[in-house]
Every structure is written in structure tokens, then in C-alpha cells.
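Inspection log for the structure reproduced underneath, given as C-alpha cells.
Readers should treat all values here as calculations from the given coordinates under stated rules, not as data from a laboratory. The structure presented is a predicted model; accordingly, all values stated were derived computationally and were not measured. Glycine also receives a Cβ, built like all others from the backbone with ideal geometry; neighbour counts cover every protein chain displayed.
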Amino acid sequence: MNFDITKEKILELKSTLNVLVKKKTQAAALQNWEAAAGFRDEEKIMSDYLQTLKNEITEELKNLKQLPLENNNDIILLEELLVLIDT
């Protein structure tokens, strides 16, 4: 398996996404529409990136499951990564 994303990196990306959502919400509450739009754009980029990672992990899982059982540890790791992205 040549997949170089870690659980820590996914958690970091999700944390960044949560910060962006919070900043967007705060800016909107203050009616700072320009800032809110900027945070929304950054949020979209981060969400799209996480979705791309999810798609890549799903594809890698699909490929690994077609191989012999010796790839069980890789499958488990990728399934754990998917759970992190989805939560």
C-alpha cells in the first residue's frame, strides 16, 4: 500500500475545517459578509479535499480487498481512516 495519509493528518484537517466553520459563523453573526464568504470558500476547499481523500481511500480499499488476505492490516488502517473522515 502506498497511501501516505495518517490518522493525525485527517484529524488536523477536520480540526481546521471546524475552525473555518466557526469563523464563518462568527463573521456572519457580526454581519461581516466579506469575511464570512472568505471562510466559506476556504471551508469548501477543505471539504472538497477531505471528500477527495475519502474517494481515494475507498478506491484503495476496493483494490486491496481483491488481493490475498495478507493485506488485512492495510485494509483495517484504511477503514479506520474512512471512519475518521466520516465523523
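Figures for the structure shown
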read-out	value
Residues that are in a helix (DSSP H, G or I), of a type in the set (A, V, I, L, M) and free of Cβ contacts under 8 Å to residues at least 24 places away in the same chain, drawn from segment 17-62	Val19, Val21, Ala27, Ala28, Ala29, Ala35, Ala36, Ala37, Ile45, Leu61
Candidate set from segment 11-45 (those that are buried (at least 17 other Cβ atoms within 10 Å of the Cβ) and under 25 Å from Glu80 (Cβ atoms)); member that is farthest from the chain's Cα centre (by Cα)	Leu20
Residue, surrounded by the fewest Cβ atoms within 10 Å (Cβ to Cβ), within segment 49-78, restricted to residues that are among the charged types (D, E, K, R) and either in contact with a strand residue (DSSP E or B) (Cβ under 6 Å, 6 or more places away or on another chain) or over 13 Å from Ile10 (Cα atoms) (or both)	Glu70
Number of positions in segment 1-10 that are free of Cβ contacts under 8 Å to residues at least 24 places away in the same chain, outside any helix (DSSP H, G or I) and closer than 19 Å to Val83 by Cβ	2
